[in-house]
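**Q** What follows is a single structure, and I will ask about it in a moment.
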Amino acid sequence: MEWMLEHSTLMLLIAGGAGFFMALGVGANDVANAMGTSVGARALTVKQAVLIAIVFEFAGAYLAGGEVTATIRKGIIDAEVFNQTPHYLIYGMLSALLAAGIWLVVASWAGWPVSTTHSIVGAIVGFAAVGVGMDSVHWGQVGSIVASWVTSPLLAGFLSFALIKSVQKLVLNHDDPFQRAKKVVPFYMFLVGFVITKVTLVKGLKHVGLEMSFGSSSLWAVAGGLVVAGLGVLFLNRIHPDPEADKDFRFSSVERVFAVLMIFTACAMAFAHGSNDVANAVGPLAAISSVLANGGVIGKESIIPGWILLVGAMGIVFGLAVLGARVMATVGTKITELTPSRGFAAELGAATTVVLASGTGLPISTTHTLVGAVLGVGMARGIGSLNLRVISTIFTSWIVTLPAGALLSILFFYFFKGLFGA
């Protein structure tokens, strides 16, 4: 440990590189959760989706990522068991970052939408249980996280199902659905603006040293919702019905209205995803930084440095730009056929679920959440609209992710023990 403290800058550089690599994997795999539905519904091109995601993923990760980071960092393993061997915690967190990052890059290259939360949690539990001892893991906390992986897709599926049903009742089932859509869609835009503004004010301002009461933030969130709705109305006024296209598909013009709405919901989902999943990359990095900053002492409270969130945000952006399109195609086009109205319901349902989880500090899987939302939209049209073969493949990849992350992490842990000394 003395060597590490003497060369703490070098260790932080190594840890920062591992954190960036893990964040790259998060961006490469989970961009599909934020943008896959928009591309699948043909509301955005892949290039447009990546550009939008770069802005809002970065903003969500940097402004609102700290709350979830604390849960990943302190909730899964018992830090006290490392008091006599703090260097083991550093080895383990480095191992977890590299193991999860490698698995995510491999999965992204193959187009598998796996869970980044599964990856990092499995990796942390793997090195701690095998390399340190079974009692080093907070199994109760792990159990609550596993439970959230079940409840979050159910909640997202329910919200998305309710949203698409509201679209059908309020818009599609009317005699003039196009004019009806132009009246109703601004209300949906208000909801999107409210969600983004609320989470930014309540959580994001904490990271710049400002506090705001719930009432004040609610008023500002209403204002944010009105601004987004106003911008939406400006865009909607430029859209006119296309009678020729409507002859082939009655709702062709209506779906063009929802395509505008999907731009806003895509921004909301990207922001929500960044706020939740940056923890998977910077949580272990924050633990390493804390140990080195406190001279090898574990357990002291420390503010997460801004540079750590910056590393995570930049890694996510780089990963989604380089490898994001592969998984995006799987989520956006292969589970069920998406139109802009269906994609909107899936994105807003998933974004709301992720924002709620981010606000409570629970590290849910956005992959599970988004897939649950898409399934909810598909179920509104009947189970025959779902590609069950693709869904079974996705579920299988989720199951494989936990042991893959754990095994790689164990191997890296013993490698670092041999390299730096036990």
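Values quoted throughout were computed directly from the atomic coordinates according to the rules given, and no laboratory measurement underlies them. As the structure is a computational prediction, the values presented were derived from the model and not from experiment. We place every Cβ from the backbone using ideal geometry, glycine too, and count neighbours over all the protein chains shown.
**Q** Compare the Cα positions of M4, I298, A129 along the charge dipole of the chain (+1 at Cβ of Lys, Arg; -1 at Cβ of Asp, Glu; about the Cα centre) and return the one farthest towards the positive end.
**A** A129
**Q** For segment 2-420, with the dipole built from +1 on Lys and Arg beta-carbon atoms and -1 on Asp and Glu ones, taken about the Cα centre, which of H118, F161, I394 lies farthest toward the positive end?
**A** F161
**Q** Evaluate the charge dipole of segment 2-420 about its Cα centre and quote only its size in Debye, nearest 20, assuming +1 on the Cβ of each Lys and Arg and -1 on the Cβ of each Asp and Glu.
**A** On the way: 23 positive and 20 negative charges, 182 e Å.
Computed about the Cα centre, the dipole is about 880 debye.
**Q** To the nearest 0.05, what FRET efficiency results for R42 and V227 with a Förster distance of 25 Å applied to their C-beta separation?
**A** Given R0 = 25 Å and the Cβ-Cβ separation, E is 0.40.
**Q** Set the bar at 28 Å for Cα to Cα. Now go through K47/K169; K182/K247; K169/K247; K47/K247 and name every pair that lies beyond it. Present the calculation step by step, with values, prior to reporting the outcome.
**A** Details: K47/K169 33 Å; K182/K247 20 Å; K169/K247 22 Å; K47/K247 31 Å.
Violating the 28 Å Cα-Cα cut-off are K47/K169; K47/K247.
**Q** Using amide H atoms built in the peptide plane, which far-off residues or other-chain residues are under 5 Å from I77 H to H?
**A** Distant-sequence amide H within range of I77: H138.
**Q** May I pose another question? List the longest stretch of the chain that has no exposed loop site; here a site is one of the trypsin sites (Lys or Arg not before Pro) assigned by DSSP to anything other than H, G, I, E or B, with at most 15 other Cβ within 10 Å.
**A** Counting at most 15 other Cβ atoms within 10 Å as exposed, the longest clean stretch of the chain is 1-237.
**Q** Filter the chymotrypsin sites (Phe, Trp or Tyr not before Pro) in segment 230-318 down to the DSSP loop ones having no more than 16 other Cβ atoms within 10 Å, then list what survives.
**A** Sites meeting the loop and neighbour criteria: F249.
**Q** Hey, of (1) 75, 48, 35; (2) 61, 50, 40; (3) 107, 47, 38, which did the structure itself give for Cα extents along the principal axes in Å when calculated?
**A** (1)
**Q** Applying 1/(1 + (r/R0)^6) with R0 = 56 Å to the Cβ-Cβ distance of S144 and N237, what FRET efficiency is obtained, to the nearest 0.05?
**A** 0.75
**Q** Give the residue from Y62, F271, L285 lying farthest towards the positive end of the charge dipole for segment 2-420; charges sit on Cβ (+1 for Lys and Arg, -1 for Asp and Glu) and the dipole is referred to the Cα centre.
**A** Comparing the listed Cα positions along the dipole, F271 ranks first.
**Q** Follow-up. If each DSSP helix of 4+ residues adds -39,500 (n - 2.57) and the sum is divided by the residues in the chain, what number results at 222 nm, nearest 500 deg cm²/dmol?
**A** -27000 deg cm²/dmol
**Q** Once you have the Cα-Cα distance between S385 and D175, take 0.36 nm times their residue separation minus that, and quote the gain in nm to one decimal.
**A** Stretched out fully, the S385 to D175 stretch lengthens by 73.1 nm.
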